[in-house]
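The values are calculated or read from the model by the stated rules, or taken from the named source; none is laboratory data. Being a predicted model, the structure only gives us computed values, none of them experimental. Cβ sites come from the backbone with ideal geometry, for glycine too, and all protein chains shown count toward neighbours. Only protein heavy atoms, including side chains, enter the accessible area calculation; ligands, DNA and RNA are left aside. Shrake-Rupley method; radii C 1.70, N 1.55, O 1.52, S 1.80 Å.
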Amino acid sequence: MTNTSNRQSSATSAINKPILKRGSRGELVTELQRLLSHWNLYPQNNQDGIFDADVEVAVKAFQHRVFLIEDGVVGSKTWQALFSGAPVGMPVLRNGSQGQSVLMVQRILSTTGDYRSALDGDFGPRTEAAVKAFQKRSKLTADGVVGDRTWHALSKIPH
(Lines give C-alpha, C1' and ligand atoms only; values in the text may rest on other atoms or scores of the structure.)
Protein backbone atom coordinates (compact mmCIF):
# COMPACT_ATOMS: atom_id res chain seq x y z
CA MET A 1 0.00 0.00 0.00
CA THR A 2 1.15 3.51 -0.73
CA ASN A 3 0.47 6.74 1.02
CA THR A 4 -2.11 9.09 -0.41
CA SER A 5 -0.90 10.53 -3.67
CA ASN A 6 0.99 13.79 -3.38
CA ARG A 7 -0.82 14.99 -6.48
CA GLN A 8 -3.48 17.52 -5.65
CA SER A 9 -6.67 17.97 -7.59
CA SER A 10 -6.59 21.09 -9.72
CA ALA A 11 -8.03 24.12 -8.03
CA THR A 12 -9.23 27.42 -9.28
CA SER A 13 -6.20 29.60 -9.89
CA ALA A 14 -5.11 31.55 -6.86
CA ILE A 15 -7.50 34.33 -5.93
CA ASN A 16 -5.83 37.50 -4.75
CA LYS A 17 -7.97 38.40 -1.75
CA PRO A 18 -6.88 39.35 1.75
CA ILE A 19 -7.41 37.11 4.74
CA LEU A 20 -10.67 37.89 6.52
CA LYS A 21 -11.58 36.91 10.07
CA ARG A 22 -13.84 37.96 12.90
CA GLY A 23 -13.52 41.72 13.35
CA SER A 24 -12.85 42.42 9.65
CA ARG A 25 -15.07 45.09 8.06
CA GLY A 26 -15.78 46.50 4.64
CA GLU A 27 -16.71 45.69 1.07
CA LEU A 28 -14.78 42.41 1.02
CA VAL A 29 -16.77 41.21 4.01
CA THR A 30 -19.96 42.18 2.17
CA GLU A 31 -18.70 40.15 -0.80
CA LEU A 32 -18.02 37.23 1.56
CA GLN A 33 -21.53 37.55 3.00
CA ARG A 34 -22.98 37.50 -0.54
CA LEU A 35 -21.02 34.34 -1.38
CA LEU A 36 -22.10 32.64 1.84
CA SER A 37 -25.71 33.61 1.01
CA HIS A 38 -25.28 32.13 -2.46
CA TRP A 39 -24.34 28.81 -0.82
CA ASN A 40 -27.36 29.10 1.52
CA LEU A 41 -25.27 29.55 4.64
CA TYR A 42 -25.96 33.19 5.49
CA PRO A 43 -29.12 35.33 5.33
CA GLN A 44 -29.37 37.60 2.29
CA ASN A 45 -30.88 40.43 4.32
CA ASN A 46 -27.88 40.76 6.66
CA GLN A 47 -25.05 41.80 4.35
CA ASP A 48 -23.65 44.64 6.42
CA GLY A 49 -19.90 44.23 5.84
CA ILE A 50 -19.18 43.20 9.44
CA PHE A 51 -17.44 39.86 10.08
CA ASP A 52 -19.14 38.90 13.33
CA ALA A 53 -19.88 35.61 15.10
CA ASP A 54 -22.68 34.76 12.65
CA VAL A 55 -20.36 35.17 9.66
CA GLU A 56 -17.74 33.05 11.41
CA VAL A 57 -20.28 30.25 11.97
CA ALA A 58 -21.28 30.40 8.28
CA VAL A 59 -17.62 30.32 7.18
CA LYS A 60 -16.94 27.27 9.38
CA ALA A 61 -20.02 25.52 7.96
CA PHE A 62 -18.82 26.22 4.42
CA GLN A 63 -15.29 25.06 5.24
CA HIS A 64 -16.74 21.83 6.63
CA ARG A 65 -18.78 21.31 3.47
CA VAL A 66 -15.70 21.58 1.24
CA PHE A 67 -13.32 19.63 3.51
CA LEU A 68 -11.20 22.59 4.64
CA ILE A 69 -9.86 23.23 8.14
CA GLU A 70 -12.80 24.73 10.03
CA ASP A 71 -11.05 27.73 11.54
CA GLY A 72 -13.49 30.47 10.48
CA VAL A 73 -10.68 32.36 8.74
CA VAL A 74 -11.15 33.14 5.05
CA GLY A 75 -7.79 32.56 3.39
CA SER A 76 -6.81 31.59 -0.14
CA LYS A 77 -8.33 28.09 -0.18
CA THR A 78 -11.60 29.26 1.37
CA TRP A 79 -11.87 32.11 -1.17
CA GLN A 80 -11.20 29.65 -4.02
CA ALA A 81 -13.84 27.24 -2.72
CA LEU A 82 -16.36 30.07 -2.21
CA PHE A 83 -16.01 31.13 -5.85
CA SER A 84 -16.00 27.60 -7.29
CA GLY A 85 -18.44 25.95 -4.89
CA ALA A 86 -16.15 22.94 -4.79
CA PRO A 87 -13.36 21.54 -2.64
CA VAL A 88 -9.85 22.75 -3.54
CA GLY A 89 -6.49 21.13 -3.07
CA MET A 90 -7.84 17.68 -2.29
CA PRO A 91 -5.65 14.64 -2.96
CA VAL A 92 -6.42 12.26 -5.79
CA LEU A 93 -7.30 8.96 -4.11
CA ARG A 94 -7.22 5.50 -5.65
CA ASN A 95 -6.73 1.86 -4.76
CA GLY A 96 -3.65 1.75 -2.52
CA SER A 97 -4.10 5.22 -0.99
CA GLN A 98 -4.18 5.51 2.80
CA GLY A 99 -4.88 8.13 5.40
CA GLN A 100 -7.38 10.61 6.77
CA SER A 101 -8.72 11.62 3.35
CA VAL A 102 -9.55 7.98 2.58
CA LEU A 103 -11.23 7.66 5.98
CA MET A 104 -13.30 10.77 5.22
CA VAL A 105 -14.42 9.27 1.89
CA GLN A 106 -15.30 5.99 3.60
CA ARG A 107 -17.36 7.83 6.23
CA ILE A 108 -19.30 9.81 3.64
CA LEU A 109 -19.90 6.73 1.47
CA SER A 110 -21.10 4.82 4.52
CA THR A 111 -23.81 7.48 4.98
CA THR A 112 -24.92 7.01 1.36
CA GLY A 113 -25.02 3.23 1.79
CA ASP A 114 -22.28 2.66 -0.78
CA TYR A 115 -19.62 1.58 1.72
CA ARG A 116 -20.42 -1.10 4.29
CA SER A 117 -16.99 -2.17 5.51
CA ALA A 118 -14.56 -1.13 8.23
CA LEU A 119 -13.71 2.56 8.38
CA ASP A 120 -9.97 2.00 8.30
CA GLY A 121 -8.45 4.65 6.02
CA ASP A 122 -7.23 2.02 3.54
CA PHE A 123 -8.42 2.44 -0.05
CA GLY A 124 -8.81 -1.16 -1.12
CA PRO A 125 -11.21 -3.07 -3.39
CA ARG A 126 -14.27 -2.40 -1.19
CA THR A 127 -13.62 1.34 -1.10
CA GLU A 128 -13.01 1.32 -4.85
CA ALA A 129 -16.31 -0.49 -5.44
CA ALA A 130 -18.13 2.00 -3.20
CA VAL A 131 -16.57 4.95 -5.03
CA LYS A 132 -17.59 3.45 -8.39
CA ALA A 133 -21.17 2.94 -7.19
CA PHE A 134 -21.33 6.53 -5.93
CA GLN A 135 -19.81 7.86 -9.16
CA LYS A 136 -22.27 5.91 -11.29
CA ARG A 137 -25.26 7.17 -9.29
CA SER A 138 -23.84 10.71 -9.48
CA LYS A 139 -23.50 10.40 -13.28
CA LEU A 140 -19.71 10.64 -13.14
CA THR A 141 -17.17 8.43 -14.87
CA ALA A 142 -17.14 5.33 -12.67
CA ASP A 143 -13.38 4.79 -12.56
CA GLY A 144 -13.03 4.32 -8.79
CA VAL A 145 -10.64 7.27 -8.50
CA VAL A 146 -11.56 10.19 -6.25
CA GLY A 147 -10.56 13.30 -8.21
CA ASP A 148 -12.00 16.80 -8.57
CA ARG A 149 -15.47 15.84 -9.79
CA THR A 150 -15.91 13.09 -7.23
CA TRP A 151 -14.75 15.36 -4.39
CA HIS A 152 -17.27 17.95 -5.61
CA ALA A 153 -20.08 15.38 -5.60
CA LEU A 154 -19.01 14.13 -2.15
CA SER A 155 -19.11 17.69 -0.81
CA LYS A 156 -22.84 17.81 -1.57
CA ILE A 157 -23.51 14.88 0.79
CA PRO A 158 -24.26 16.03 4.36
CA HIS A 159 -21.34 14.92 6.48
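How much length is gained if the chain between Leu103 and Val57 is pulled fully straight, taking 0.36 nm per residue apart and subtracting their Cα-Cα distance, in nm to one decimal? Present the calculation step by step, with values, prior to reporting the outcome.
Working: separation 46, 0.36 × 46 = 16.56 nm, distance 2.51 nm.
Gain in length upon complete extension: 14.1 nm.
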**Asked** Among Thr111, Pro158, Ile50, whose Cα sits farthest toward the positive end of the charge dipole of the chain (+1 at Cβ of Lys/Arg, -1 at Cβ of Asp/Glu, about the Cα centre)?
**Response** Thr111
**Request:** Express the carbon and sulfur contribution to the solvent-accessible surface of region 1-140 as a percent, rounded to the nearest whole number, probe 1.4 angstrom.
**Result:** 49
**Complete:** Over all viewing directions the Cα convex hull of the chain casts an average projected area in nm² of 9.4
**Request:** Please report the relative contact order for the chain, taking Cα pairs under 8 Å with a sequence separation of at least 6, and give it as a percent rounded to a whole number.
**Result:** 26
**Item:** Degrees separating the helix 27-38 axis from the principal Cα axis of the chain, which is the longest one
**Value:** 40
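Determine the alpha carbon to alpha carbon distance for each of Lys60/Lys156; Lys132/Lys156; Lys17/Lys132; Lys21/Lys77 and list only those over 25 Å. Walk me through the intermediate numbers first.
Numbers: Lys60/Lys156 16 Å; Lys132/Lys156 17 Å; Lys17/Lys132 37 Å; Lys21/Lys77 14 Å.
From the list (Lys60/Lys156; Lys132/Lys156; Lys17/Lys132; Lys21/Lys77), the Cα-Cα distance tops 25 Å for Lys17/Lys132.
Return the ratio Rg/(2.2 N^0.38 Å) for region 59-100, where Rg is computed over Cα atoms only.
Numbers: Rg = 11.5 Å, N = 42, 2.2 N^0.38 = 9.1 Å.
The reported ratio for this selection is 1.26.
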**Message:** Spelling out what I want: for every residue of region 43-56, take phi, set θ = phi - 60°, compute 6.51 cos²θ - 1.76 cosθ + 1.60 (Karplus), and round to whole Hz; glycine and proline get x.
**Reply:** x, 5, 8, 10, 9, 9, x, 10, 7, 10, 4, 5, 5, 4
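Grab the DSSP H runs of the chain that are 4 residues or longer, score each as -39,500 (n - 2.57), total them, divide by all residues and round the 222 nm result to the nearest 500 deg cm²/dmol. Provide the component values of the computation, followed by the final result.
Details: 6 runs with 68 residues, N = 159.
Roughly -13000 deg cm²/dmol at 222 nm, from the helical runs in the chain.
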